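Visitor: Sharing a structure here in structure tokens format.
The values are calculated or read from the model by the stated rules, or taken from the named source; none is laboratory data. Given the structure is predicted, the values throughout are model-derived calculations rather than measurements. Positions of Cβ are backbone-derived with ideal geometry, glycine not excepted, and every protein chain shown enters the neighbour counts. The accessibility values were calculated without ligands, DNA or RNA, using every heavy atom of the protein model including side chains. Shrake-Rupley method; radii C 1.70, N 1.55, O 1.52, S 1.80 Å.
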Amino acid sequence: MSVAVIIVAAGRGRRLGGEIPKQYLPLRQKSVIRRSVEVFLREDAVSWLIPVIHPDDRVLCAEALAGLQDSRVLPAVAGGDTRAISVRRGLEALQSYEPNLVLIHDAARPFVPQEVIRDVITALETSDGACAALPVIDALWNSQEGLAQAPIPREGLWRAQTPQGFVFDRILSAHRNHDGTGADDVVVAREAGLDVRLVLGSEQNYKITTQTDLERATRDAELLETPG
Ligand code: CTP
Ligand code: MG
């Protein structure tokens, strides 16, 4: 079973703001995207890894990944205006390598545990798709004009994470038939009728989206790298 990885990094990070897109910000010297890439390269099962980046970020990406010296890392390809278009560009670029499986991961989730990656790969032995996710634990209700309304049962509700993994040929054809608007690849897969198994994700696998997330990530990087 050969496994390819797509690291999607073509977004602009508008919610976080700032000059440099969030995936290129340093967390204790090492950038967010480099951390995400290195986690996947630690897995021997991974045969190829392709970054999908914004065309304006070629230099930022080259700097962030400089010196990796791992022949599994393929030249970055340009993404598009939506995440789904970016993923599709990555899939198209991987096609000639004929991977059996592909894992699609947000560059903005640098602390994905090794175990979550392995569990997604394992789930693909018996399913066309697999997604890291966490069950919703807080109570949910609607609100209107700042007032709480009806409760929403949280049973069966999950928060999606990445990696989301798939049988390569199936997700490529699902993306080719998709209109490019899907929020994530599970949406695209479901539209094509693929089964997607839920795999327990991790609270550590949060996506850096806001300033608060960035502060948390800076602290986590310190904890991770402080000896003792
Ligand atoms: N992404 C992408 N191409 C896009 C949009 C998003 O490759 N057109 C990537 C981002 O770089 C990120 C991941 O998809 O790693 C998850 O997206 P998100 O967290 O929403 O990042 P941004 O779109 O960059 O942030 P924002 O929505 O705040 O602008
Ligand atoms: Mg976005």
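Visitor: Can you tell me which residues in the range 44-62 are more than 16 Å from the chain's Cα centre (by Cα) and surrounded by 13 or more Cβ atoms within 10 Å (Cβ to Cβ)? Explain how you work it out, then say what you get.
Guide: If we filter the range 44-62 for residues that are more than 16 Å from the chain's Cα centre (by Cα), which is where we start, we get 44-45, 47, 55-62.
Across the range 44-62, the qualifying residues are ALA45, SER47, ASP57, LEU60, CYS61.
Visitor: Which pairs have Cβ atoms under 9 Å, sit 6 or more apart or on different chains, and link a residue in the range 125-144 that is closer than 16 Å to VAL187 by Cα to one that is in a loop (DSSP other than H, G, I, E, B) and open to solvent by 80 Å² or more (accessible area, probe 1.4 Å)?
Guide: Final answer for the pair search is SER127/ASP195; ASP128/ASP195; GLY129/ASP195.
Visitor: Is it the case, given these coordinates, that ILE50 is more than 15 Å from VAL3 (Cα to Cα) and either in contact with a Lys or Arg (Cβ under 9 Å, 6 or more places away or on another chain) or β-branched (Val, Ile, Thr) (or both)? Break it down stepwise before answering.
Guide: On the way: more than 15 Å from VAL3 (Cα to Cα): no; either in contact with a Lys or Arg (Cβ under 9 Å, 6 or more places away or on another chain) or β-branched (Val, Ile, Thr) (or both): yes.
Here the answer is no, as ILE50 does not meet what is asked.
Visitor: Right, another one. Tally the residues that are touching a residue at least 24 places away in the same chain (Cβ under 8 Å) and either more than 16 Å from ligand 1 (Cβ to nearest atom) or open to solvent by 10 Å² or more (accessible area, probe 1.4 Å) (or both), restricting the search to the range 24-37.
Guide: 7
Visitor: Now for a separate question. For ASP81, indicate whether it is of a type outside the set (S, T, N, Q), away from ligand 2 (no atom under 16 Å from the Cβ), assigned to a loop (DSSP other than H, G, I, E, B) and more than 21 Å from ASP220 (Cβ to Cβ). Full working, then the answer.
Guide: Details: of a type outside the set (S, T, N, Q): yes; away from ligand 2 (no atom under 16 Å from the Cβ): no; assigned to a loop (DSSP other than H, G, I, E, B): yes; more than 21 Å from ASP220 (Cβ to Cβ): yes.
Taking the combined requirement at face value, the residue does not satisfy it.
Visitor: Can you tell me which residue in the range 171-228 is most open to solvent (accessible area, probe 1.4 Å), limited to those that are assigned to a loop (DSSP other than H, G, I, E, B), hydroxyl-bearing (Ser, Thr, Tyr) and under 19 Å from SER36 (Cβ atoms)?
Guide: So the residue we want is THR210.
Visitor: Sticking with this structure for a sec: Is it true that ARG35 is touching a strand residue (DSSP E or B) at 6+ places or on another chain (Cβ under 7 Å) and under 21 Å from ASN177 (Cβ atoms)?
Guide: On the way: touching a strand residue (DSSP E or B) at 6+ places or on another chain (Cβ under 7 Å): yes; under 21 Å from ASN177 (Cβ atoms): no.
Criteria not met by ARG35.
Visitor: Considering the range 1-43 alone, what residues qualify as being of a type in the set (Phe, Trp, Tyr) and either within 16 Å of ligand 2 (Cβ to nearest atom) or assigned to a loop (DSSP other than H, G, I, E, B) (or both)? Show your work before the answer.
Guide: Step one: filter the range 1-43 for residues of a type in the set (Phe, Trp, Tyr), giving 24, 40.
Result: TYR24, single match.
Visitor: Let me ask something additional. For GLY79, only one of the following conditions fails: (1) touching a Ser or Thr at 6+ places or on another chain (Cβ under 6 Å); (2) under 18 Å from VAL39 (Cβ atoms). What is its number?
Guide: Status for GLY79: all satisfied but (2).
Visitor: Quick one: in the range 102-137, which of the residues that are open to solvent by 10 Å² or more (accessible area, probe 1.4 Å) and part of a strand (DSSP E or B) is nearest to ARG35 (Cα to Cα)?
Guide: Looking at the filtered set, the residue picked out is ASP106.
Visitor: To continue, here is another question. Have a look at SER173, SER202 and point out the one that is touching a residue at least 40 places away in the same chain (Cβ under 8 Å), more than 20 Å from ALA9 (Cβ to Cβ) and of a type in the set (S, T, N, Q). Give the derivation first.
Guide: Numbers: SER173 fails: touching a residue at least 40 places away in the same chain (Cβ under 8 Å).
Just a single option satisfies the conditions, and that option is SER202.
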